[in-house]
Structures are given as C-alpha cells and as structure tokens.
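Only the coordinates and a few stated rules stand behind these numbers; no lab work does. This structure is a prediction, so every number in the text was calculated from the model and none was measured. Using ideal geometry, Cβ is built from the backbone for each residue, glycine included, and neighbour counts are taken over all protein chains shown.
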C-alpha cells in the first residue's frame with residue numbers, strides 16, 4: 001500500500017508540474033497523443049497549444065523520418081475515401097483499409113495533389129451555378145483533421161490556373177507556402193506553354209507575384225511537381241526541365257537524362273523524393289522488371305545510378321502474380337522509392353496484380369504489404385486498376401496550419 005501511495009504522490013507531482021508533463025508528452029507520437037486530450041482539461045489545453053505543437057513537430061521531424069503509410073487516390077468513388085498502404089515492418093498481410101480522411105471537409109470528392117512533410121494539398125471539384133464552378137483547394141493535416149481553404153488571388157488567376165504545389169519544411173519554418181502555376185499571356189508557343197508562378201505564404205496570408213515566367217516544354221509533367229530540399233521539381237523526358245527554389249523564388253535548370261540511343265524507347269515510370277533524395281526511374285516497355293533507380297547529384301550536374309533493380313527474384317517468390325497484360329501491355333506500377341536510415345532497409349514499393357509489394361534494394365528480398373481493393377467505373381463496366389496510381393507519403397504530425405485553420 002505504501003508503494004501505491006508513493007506512486008500516486010509522484011503522479012500528482014508530475015501532473016501538477018506543467019514543465020515535466022510537457023516534456024513527457026512531447027515524447028509521445030502524434031496519433032496517440034491526440035487521444036490524451038480526453039484525460040483532462042489541463043492536458044487538452046497543453047496538447048492544443050500552438051507552441052507545444054510546434055515543439056512536438058520539431059522533435060519528431062528529422063531527416064530520418066519515415067512515412068507511416070502511403071495514400072492512393074480513389075478517383076472513381078464519390079466519397080473522400082482513400083486506399084491506405086501501411087508501411088509496417090511485420091510480416092503479416094491484411095486487406096488495405098479505406099479511411100475517410102477528409103469527410104470533415106464536407107465536399108463530395110477529394111483528390112490528393114501533393115504530400116509534403118505531414119501536410120497534404122488537395123482539390124475538390126464543385127458545381128454550384130454556371131458562374132460558380134471549378135475546383136476548391138485545401139491544405140490539410142490528416143492527423144489533426146485541421147484544414148484551410150486556399151483562396152486564389154483573383155478570378156483571372158483562377159481561370160488560368162493549371163496546378164498548385166505545396167512547400168512545407170517544419171525544421172525551417174512553421175508556415176507553409178502554396179505555389180500556383182498558371183498559363184501566361186503568350187499561351188501556347190512553338191516551344192511549349194507559357195507559364196507564370198505566384199506564391200502564397202500562410203505566414204502573411206497573402207499572394208505575391210514573384211515575376212517568374214517561363215516556357216514549359218510539352219514533355220514537362222507540370223501537374224506532378226515534387227518538393228525536395230526547398231524546391232519544387234518538374235520532370236520531363238529527353239530534355240532539361242526546371243525547378244523552383246521557394247525561398248529565393250528563382251527558377252533553375254534541372255538536367256534530365258538525355259534520350260541516348262540506349263534510352264530511346266524508355267519511359268519515365270517514377271519521379272519522386274525520399275529523405276531528401278530526388279529519384280527517377282526509366283523503364284523499357286518490354287523489360288520493365290529490370291531498371292535503374294537514378295539519383296540527382298548533389299550539385300545538380302546530372303544523374304547517377306543509385307540502384308540497379310532486377311525483380312526476377314520477386315517473380316520467382318510470387319509465381320501467382322500476373323506481371324503482363326496483353327490488352328494493355330503493362331505489368332505494374334512503381335509507387336515509391338523509400339530510402340531508410342539503414343541502407344540495407346531501403347526499398348521500392350510497387351503494385352503488381354492488385355497487390356502492394358516491397359522489394360529490398362540491397363538484399364533483393366520481397367514482401368507483400370497489402371491487397372488493394374479493386375475500383376470500378378461509375379457505370380460498373382470497366383475495371384479501374386491502381387497501375388499508374390500516384391502514392392502520397394503520409395507522416396503523422398501536429399503541425400498547425402495557421403489562423404485561418406478550420
């Protein structure tokens with residue numbers, strides 16, 4: 001009984017000392033921490049405090065942070081559900097769970113545009129009247145279910161808008177920025193599409209015209225910008241592309257692998273980031289199970305082969321998988337390259353025959369992560385597979401979105 005009484009006294013002392021309590025709670029991961037809000041008003045106030053959230057984000061965000069899951073867009077469902085691919089270390093396999101991450105937005109359909117260090121940039125199509133139609137854009141924290149609406153500067157920009165990108169680096173600033181890409185005055189030229197860049201800052205809640213205009217080649221994937229090391233990068237095939245440094249608001253050249261004779265028939269199968277490393281994958285249509293993962297050089301002078309991948313061992317380990325489809329001549333989709341703190345744990349995640357698989361880039365072992373739920377078109381006729389689906393990294397975070405957060 002004395003031991004119990006002593007423990008109670010210690011617990012009361014800790015609960016009464018806000019500094020000790022704060023230090024303890026800062027060590028708890030984001031999701032379970034949110035449940036602790038129900039313990040008491042004191043805990044609710046502490047965990048909801050912006051400064052505490054900022055300290056928690058800084059403690060848990062580091063260069064070695066790894067996503068806890070991948071989110072896949074579900075474009076053929078009228079509800080804001082997404083397929084969630086858990087990135088677990090266990091060997092168990094279970095059906096993927098559709099989580100209604102954005103039901104609190106009260107919009108019929110949500111599409112993820114980009115993931116950036118715990119925040120997601122999303123869009124939702126709407127039609128109210130003939131004069132009020134188009135897309136609404138949101139920045140969301142799916143862990144806390146906070147969101148804010150991205151208000152475009154004016155109707156002219158909205159009418160000419162092509163895409164938006166998100167830039168957020170919590171180790172540098174608690175504020176995020178949204179980069180808009182809209183068609184320029186010149187429109188379509190012989191060399192490509194004239195584009196203009198504007199930047200929104202959540203710190204000032206305002207847009208700025210940074211004066212950056214450029215011509216995007218027709219091969220540039222302008223809708224698929226990738227944030228890496230303070231810049232938005234766009235890929236292209238066979239010719240140089242560009243990247244936009246957010247802090248300096250400068251546009252610079254991004255060299256791309258040239259269309260050499262050996263690469264003439266290769267297609268860009270993946271362009272993404274992991275732990276500060278920018279990767280791309282080029283594959284040959286009839287030899288997709290063998291490819292190289294390239295990484296941009298630190299000085300941006302070019303690309304180097306980081307990994308050589310041969311998925312033949314996976315084919316041997318999982319002979320029941322269908323790798324090629326006669327009617328589409330496709331085999332699988334590369335979802336993500338995940339660099340790990342330990343090099344021997346790095347892997348590539350892909351979809352094969354409705355299954356999400358991981359392939360270790362060092363020891364060449366493979367593992368099934370989960371089964372995907374097959375989607376169908378609204379008319380129920382043509383099946384929709386997740387081949388060529390984009391995967392968005394999901395990080396748990398308490399990041400605060402700012403004063404306009406709902």
According to a simple spin-label model (label point 7 Å from Cα along Cα-to-Cβ), what is the distance in nm between residue 221 and residue 323? 2.3 nm
Taking a ≥ b ≥ c as the square roots of the Cα gyration tensor eigenvalues, with a/c under 1.5 meaning rounded and otherwise prolate when a/b beats b/c or oblate if not, the stretch 126-259 comes out oblate
Pulled fully out, how much extra length does the chain show between residue 363 and residue 308, if you take 0.36 nm times their separation in residues and subtract their Cα-Cα distance? 18.6 nm
Rule-of-thumb Rg ratio for the stretch 109-190 [Cα; 2.2 N^0.38 Å; N residues]: 1.22
Cβ-based exposure ranking for 111, 189, in which fewest neighbours within 10 Å come first: 189, 111
Mind sorting 286, 223, 56 by how few other Cβ atoms lie within 10 Å of their own Cβ, fewest first? 286, 223, 56
In what order do 52, 102 fall by count of nearby beta-carbon atoms within 10 Å, going from fewest to most? 52, 102
Once you sort the root eigenvalues of the Cα gyration tensor of the stretch 207-267 as a ≥ b ≥ c, which label holds: rounded (a/c under 1.5), prolate (a/b larger than b/c) or oblate (the other case)? prolate
